[in-house]
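Notes to accompany the following structure.
The values are calculated or read from the model by the stated rules, or taken from the named source; none is laboratory data. The model shown is predicted, which means the values in this text are computed figures rather than measured ones. We place every Cβ from the backbone using ideal geometry, glycine too, and count neighbours over all the protein chains shown. For accessibility, only protein heavy atoms count, side chains too; no ligands or nucleic acids. Shrake-Rupley method; radii C 1.70, N 1.55, O 1.52, S 1.80 Å.
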There are 2 protein chains.
Amino acid sequence: MTPSSASTAHTSNTDFYASHDKLYVATDCIIFGFDDGDLKLLIFKRRVEPDSGIWSLIGSFVKIDEDVDEAARRVLKEITGLEEIYMEQSKTYGKAERDPGHRCISVAHYALMRINDHDRELTQSHGAFWYTLQELPRLALDHQDMVRDALDKLRRRARYQPIGFELLPEKFTIPQLQKLYESIYQRELDPRNFRKKVLSLKVLVKLDEKDKSGSKRGAYLYRFDSEKYQELLESGYNFEI
Amino acid sequence: MTPSSASTAHTSNTDFYASHDKLYVATDCIIFGFDDGDLKLLIFKRRVEPDSGIWSLIGSFVKIDEDVDEAARRVLKEITGLEEIYMEQSKTYGKAERDPGHRCISVAHYALMRINDHDRELTQSHGAFWYTLQELPRLALDHQDMVRDALDKLRRRARYQPIGFELLPEKFTIPQLQKLYESIYQRELDPRNFRKKVLSLKVLVKLDEKDKSGSKRGAYLYRFDSEKYQELLESGYNFEI
DNA sequence: GCAAAAGTGTTGAATCTACACCCATGC
DNA sequence: GCATGGGTGTAGATTCAACACTTTTGC
């Protein structure tokens, strides 16, 4: 907003701002990963009193001279060691009583990462673990809501943007991609229809290699071609799975 | 977040919070209305120095004991006199330099209202005017971005939720509804296909009245049946236009 | 040789798009 | 009686969902 956009009776900017409240602003990250056929969430077990033993998302306060999304990236880096992670703002949680005893709002962000990329030691040193959505324990504060809402956004977005690829290694097989979408939407997909659909988008490049980890026969590896995707977008196309 | 979710080396909650920064938190409202076949935006012309004459969205600071969405509702009420307005959180704007000279983040909300419902005198007393999207003047700060993003969200949401009805009077005609969607998506729709589609959703109730304001022949009035819509939702349906 | 996953095509149903004319009424 | 917007149906193209068998290979 601008000073006096709602009320115009103030005399100077300085007075106008000074007469209002300041709040703690935090950011919390809902970090999704994909491994072993399952969509997982990186959560953190507090290991000091008080509240030792309660699981929560990873977060931090936003500093006075720091962009909010910069704060979220800082958190991600601190926890995973990675700088280039796909991240989107999810939603802001602003209930006055959401953090008992303090007035603190939180701007939640969700992130998508390849589980194998990150620095496991660093993660573990923070007491963080990957949990599947099914096994997720109760989380602190309104973090439960944050996870629900972020999953909701992820599902919606995955329908019209190829963000699924952020969760897979650079080279992946079609069955892997299918398992990923199955675990995002929590329902089974038909392998024939799925393959047909993703290939019809023409944003995958078939490689001359096979991945044999999933079967004896092995499955061809593909990679995502973001240039072709850009072309698609510019010609008005809409990615849908 | 919770204290020590990112770093665990602090001694007590009090110290932990106190060692961090507090920021101004504002909310800005992107208020959409529909009138005269056009989607419009309620914007505000500052009439006092400094910056007199610059258009901006309506906003306010969030008070220390107030929910963020409560603050947005307060703004809406102050400006329009209305309490029951459809409102959604849009996005949080948190660049450190977005408001030069102050550290202030803003949680934008968009609202949908029936233009004729509101208190015109109250609105005018705040220096607010309705502008079509095409005629929109340059706005202060990052308000331009806020409008773009909110319109984006509105378009997406209008595809799977019947929020269009929030912008129309209780009783409306199919041609009116079509004009609304045309002005949201800024493209023309085929009247036969449009009618077919909205009626196939079976959430409209045809009334025995006609509206003759648009033509000599008159068009039948309909109303939105939110009970039928609930049933649809519960049976797993997805509203799409 | 068999278990286990990869890969492949077709058909009917549903949905989408494009398109042109008559209707009712106020003037 | 004519101008104006309201209302209606169809055909072809596209997309979607459902469905079963063959291939490859490590063991």
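Within the range B:23-37, being crowded, with 16+ Cβ neighbours inside 10 Å and either more than 10 Å from chain A (Cβ to nearest Cβ) or of a type outside the set (S, T, N, Q) (or both) holds for B:LEU23, B:TYR24, B:VAL25, B:ALA26, B:ASP28, B:CYS29, B:ILE30, B:ILE31, B:PHE32, B:GLY33, B:PHE34.
If the condition is being closer than 14 Å to B:GLY33 by Cα and more than 13 Å from DNA strand D (Cβ to nearest atom), then the range B:171-191 contributes B:TYR181, B:SER183, B:ILE184. Here A:GLU209 meets the list (1) surrounded by 15 or more Cβ atoms within 10 Å (Cβ to Cβ); (2) within 16 Å of DNA strand D (Cβ to nearest atom); (3) assigned to a strand (DSSP E or B) almost entirely, failing just condition (1).
Within the range A:54-84, the set of residues being crowded, with 23+ Cβ neighbours inside 10 Å and touching an Asp or Glu at 6+ places or on another chain (Cβ under 6 Å) comprises A:LEU57, A:GLY59.
Can you confirm whether B:SER215 is over 25 Å from the mean Cα position of the chain (by Cα) and closer than 25 Å to B:LYS40 by Cβ? The answer is yes for B:SER215. Restricting the search to the range A:130-158, which residues are farther than 18 Å from A:HIS109 by Cα and loosely packed, with under 14 Cβ neighbours inside 10 Å? Within the range A:130-158, A:GLN134, A:GLU135, A:PRO137, A:ARG138 meet the criteria. Figure legend. Inter-residue proximity from the range B:212-232: first residues over 19 Å from B:ASP36 (Cβ atoms) and open to solvent by 70 Å² or more (accessible area, probe 1.4 Å), second residues within 16 Å of DNA strand C (Cβ to nearest atom) and at pLDDT 90 or above, beta-carbon distance below 6 Å, spacing 6+ or different chains. Indicated pairs: B:TYR220/B:LYS206; B:TYR220/B:LYS210; B:LYS228/B:VAL203. The residues of the range B:181-197 that are within 11 Å of DNA strand C (Cβ to nearest atom) and more than 14 Å from chain A (Cβ to nearest Cβ), listed by number, are B:GLU188, B:LEU189, B:ASP190, B:PRO191, B:ARG192, B:ASN193, B:PHE194, B:ARG195, B:LYS196, B:LYS197. Screening the range A:38-146 for strands (runs of 3 or more DSSP E) wholly inside it with 3 or more residues that are modelled with pLDDT of 90 or more and at the interface with another protein chain (Cβ under 9 Å from one of its Cβ atoms) returns the ranges A:58-61, A:86-93, A:104-114. Residues considered: A:GLN178, A:GLN161. Of these, the only one that is surrounded by 12 or more Cβ atoms within 10 Å (Cβ to Cβ), within 13 Å of DNA strand C (Cβ to nearest atom) and either under 30 Å from B:SER90 (Cβ atoms) or not hydrophobic (A, V, I, L, M, F, W, C) (or both) is A:GLN178.
When residues in the range A:189-206 are screened for being in a loop (DSSP other than H, G, I, E, B) and open to solvent by 100 Å² or more (accessible area, probe 1.4 Å), 1 of them pass.
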